[in-house]
Amino acid sequence: MAFVSKKNLPASLAARMAPVCIAVTADDSATLFARAEQALAESTFLELRLDGLINPDSALHGPHTMQAFTQKHPEALVLATCRRIEGGGAFMGRATNQLMLLLKFAQAGAGLVDVELETLEAIAPEMFADFNRQVQEAGAEVLVSAHDFEKTGDLAAILERLRTHSQLRPPAIFKVVSTATSLADNLPLLRLIEEADVPVVGICMGPAGLPSRVLALRSGAPFTFATPRGGEVTGSGQVSAELLTQEYRATAVTDATQLYGVVGNPVAHSLSPALHNAAFRAAGIDAIYLPLHTTDLPGLLDLVHGLPVSGLSITMPWKVQILPHLAELDPLARKIGAVNTVMRRADGSLYGTNTDAAAIVEPLAQRLALPGARILLAGAGGAARAAAFALRNAGASVAILNRTRAAAEALAKESDSTVADADALGRFDAVINATPAGMMGSGFETLLPVPESALDGSPVVFEMVYRPLETPLVTAARQRGLRVIDGLEMFAHQGARQWALWTSLEPPIEVMRTALETALRI
Ligand code: NAP
């Protein structure tokens, strides 16, 4: 097992290095050092992006300098980066100008300076060796870096290029950054870190690269990168130090830590990580749960088996497409034709189930007797399918009202339900909204999913939408004094069921609900 490794690092550097390096950027040096001071509250290891400055020289001469900053904060380890345009940065000078500037920053107190592959390849190996010697004489070290802003290619070959060009006087650290176009790309990046006989830091950029940011330390990287609280994002897929360490526990992950995640596209705003990580923390379980931005299922499956991942929540658009990849499906999920939960069993095979169904039935069963109950269900999509089959299983009769009548007819036929007639609705024991009507950003924020008259005489209203919690349907129901089951209650239930399946423990439902409310407020 590898864990925040400082193997082969110069001792003086290792002693000062924190596991999370916070990247700070600004276009003037006053702001840069002010932000750096703030970031010190989160980590003593900072990367200052000098190429973000309109004039990088201003951080050497003037009222706000590297020297003043490092003298005031001797605890700070500064990585000075002044990336040239050729290397994906904003510095317009030549390779030799860049090296001269970086040397001055090392002499002014930076503990590390970053030289990218494009610069290494633009100068003679002897020039790099001489530069490295001068940096070391100034008490600092060199990191050499390579970035691929498009893909994850042959990472070993890239590391070899860095090594070849710097071999006359090897740098202290190698940095390899690629772009994840698939979740599978995280695996070779992490393997490179694990297998290298030199210190390698590495991440995959892009939303699908999140696992590499969280798991790089577990693989043996001496550090990983993050943004400061409320700070500017300087690279695609970056996460804040707070999220990385508090929510995803990147500095505490070991080989024993179980990995879970939510699969979707997009997935960044999913509430599931907040819910599950809070539950794992409350129960003292060594596990983390990550958003897994998924653009292809083969890539997801590679990651699931390669890491391995113990369990998944599945969200749009993968709830149906994942079915052929599962070895076994529970019978209700098979009827519904969609899963929202996957477990990886001891033999590596994947088992799928649908906890949306129970998350609809259980809250309703707490408020009314389902056998014989009459339910009006708005919608005929995935969530409505889960509701129709689960409620029929529980002995309720279901009338389906949908914008597209043909879809309502098809679901009614499959689930042995009826199609509701909007002009002659009658009386129901509960009304359920399984459409996006009322949802923030849907374009249908003010829409009621059923005619208002349907609420007359229906004692319970079930709203699946949870952004916002107070939808027009919820407001109308409360005005009539009806009992409301809100979208957050369903969300907490489906998550709690998942968690119970994965852990075989009683889920801390109140902790989960509180975490969801907090996440919704952010
Ligand atoms: P889906 O598969 O896309 O189905 C959407 C359904 O809503 C379809 O029947 C569609 O009718 C109907 N619809 C869409 N726009 C409408 C409109 N403007 N007016 C009336 N009906 C409309 O989506 P889903 O996965 O079933 O999700 C439905 C809702 O439930 C979403 O808001 C989702 O966020 C929510 N949900 C919540 C939870 C939770 O835990 N709280 C869990 C799952 C889903 P057509 O057939 O005419 O297209």
| field | Prolate/oblate/rounded label for segment 89-134 (Cα gyration tensor, a/c 1.5) | value | oblate
| query | Let a ≥ b ≥ c be the square roots of the eigenvalues of the Cα gyration tensor of segment 222-308; is it rounded (a/c under 1.5), or, if not, prolate (a/b larger than b/c) or oblate? | reply | rounded
| remark: Using alpha carbon positions and the Kirkwood radius, the Rg to Rh ratio of segment 404-457 is 0.99
| said: Debye calculation, C-alpha points only, no solvent: report log10 I(q)/I(0) for segment 215-254 at q = 0.16 Å⁻¹, in the same order as the q values. | reply: -0.38
| remark: A student applying the Cα gyration tensor rule (rounded when a/c is under 1.5; otherwise prolate if a/b is larger than b/c, oblate if not) would label segment 1-136 oblate
| request: Using Cα centres only, tell me the gap between segment 310-333 and segment 113-191 in whole Å. | output: 41
| segment 462-522 versus segment 47-66: alpha-carbon centroid distance in Å | 49
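Given charges of +1 on the Cβ of Lys and Arg and -1 on the Cβ of Asp and Glu, with all other atoms neutral, how large is the dipole of segment 191-287 about its Cα centre, in debye to the nearest 20? Before the final figure, lay out the partial values.
On the way: 6 positive and 8 negative charges, 44 e Å.
Here the size comes out at about 220 debye.
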| task | Could you bin all the Cα-Cα distances of the chain into 20 Å bins starting at 0 and give me the percent of pairs in each, rounded to whole numbers? | result | 21, 43, 25, 10, 0
| task | Give the Debye-formula value of log10 I(q)/I(0) at each listed q (0.11, 0.12, 0.14, 0.18 Å⁻¹), with one equal scatterer per alpha carbon of segment 346-429, two decimals each. | result | -0.31, -0.36, -0.47, -0.72
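In units of 2.2 N^0.38 Å, what is the alpha-carbon radius of gyration of segment 185-335?
Numbers: Rg = 15.6 Å, N = 151, 2.2 N^0.38 = 14.8 Å.
Rounded to two decimals, the normalised Rg is 1.05.
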| message | How big is the dipole moment of segment 209-344 about its Cα centre under a simple scheme where the beta carbon of each Lys and Arg is +1, that of each Asp and Glu is -1, and everything else is neutral? Debye, nearest 20, please. | response | 180
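Can you sort Met92, Met343, Met316, Met66 by how many other beta carbons sit within 10 Å, fewest first?
Numbers: Met92 10, Met343 18, Met316 13, Met66 24.
Ranking Met92, Met343, Met316, Met66 by Cβ neighbours within 10 Å, fewest first, gives Met92, Met316, Met343, Met66.
Explain nothing, just the number: dipole magnitude of the chain about its Cα centre with +1 on each Lys and Arg Cβ and -1 on each Asp and Glu Cβ, in debye rounded to the nearest 20. Walk me through the intermediate numbers first.
On the way: 42 positive and 53 negative charges, 150 e Å.
So the dipole magnitude of the chain works out to roughly 720 debye.
Read-outs: derived from the displayed coordinates by stated rules, not from any lab. Small disclaimer: the values here were computed from a predicted structure and weren't measured. Here the Cβ is made from the backbone with ideal geometry for all residues, glycine too, and neighbour counts use every protein chain on show.
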